[in-house]
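Take a look at the structure below.
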Amino acid sequence: MKGLIVALAAAGASLLAGPSFAQTAAPAVLQDPAQDLSQLRACALAAGISDPAKLEACEKPILRMCDDDYARCYNRLMAGWDGLLNMSLREMTRTGLLTRRDSRNLQSAQRAWIKFRDEDCAFYGGVWPGWRAPGQLAACRHRETRERATVLTVRFEAA
C-alpha cells in the first residue's frame, strides 16, 4: 500500500512539474495557430482590458474546434495569448516607445510575472488532484496569460 501511495505521489508530481508544450496530433479541423494569434489580437483590442466576458466569447470558436482534452485546448489558447504577449513586448521595444530604463523594468517585471503565474497556477493545479489537475493548471495559465497579453497589447496600441 505504501509503495502505491509513493508511486501515485510521484506521478502527480510529474504532472504538476510543468506542462509539456509538445502538441499531440491535432484534429484536422483545427485552424493554423497563427490564425489564433491574429484572431486573439483583434479580440483583445475590441474587448479592452476591462471585459473578460468579451475575451471569453472571442475564444469560443477556437474552443469549439477542440476535442474533450481541456488541458490541450487551454494550452493551445495560452500559446496564442503568449504569442500575442511576446509580440507586444517586442513591438514596445522595437518602436522605441520605451526608454532603455523602461525596457529593463518591463523585462524584469515580465520575469517576475512569469514566476508568479507559474507558481500560482501550480497551486491551483495542486488543489484539484487526479485527472482534473492538468486541465486546471492549463486553464489557470491560459487565464493569467490572456489577462497579461490583453493589458500590454491594449496599452501598446493606445500609446
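Nothing in this text is a laboratory measurement; each read-out follows from the coordinates by a stated rule. On a predicted model such as this, the values are computed, not experimentally measured, just so you know. Using ideal geometry, Cβ is built from the backbone for each residue, glycine included, and neighbour counts are taken over all protein chains shown.
Order by neighbour count: Glu59, Glu119, Glu147, fewest other Cβ atoms within 10 Å first, most last.
Values: Glu59 21, Glu119 9, Glu147 16.
Ranking Glu59, Glu119, Glu147 by Cβ neighbours within 10 Å, fewest first, gives Glu119, Glu147, Glu59.
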For the stretch 31-158, the Cα-Cα pair-distance distribution in 5 Å bins from 0, as whole percents, is 2, 11, 19, 22, 19, 15, 8, 3, 1, 0
Fewest-first ordering of Asp68, Asp51 by Cβ atoms within 10 Å yields Asp68, Asp51
Debye calc, one equal point scatterer per Cα of the stretch 113-159, no solvent, log10 I(q)/I(0) at q = 0.16, 0.21, 0.22 1/Å comes to -0.48, -0.67, -0.70
Phe156 and Ala122 label points (each 7 Å along its Cα→Cβ direction) are spaced in nm at 2.8 nm
Ranked from fewest to most other Cβ atoms within 10 Å of their own Cβ, Thr150, Thr93, Thr99 fall in the order Thr99, Thr93, Thr150
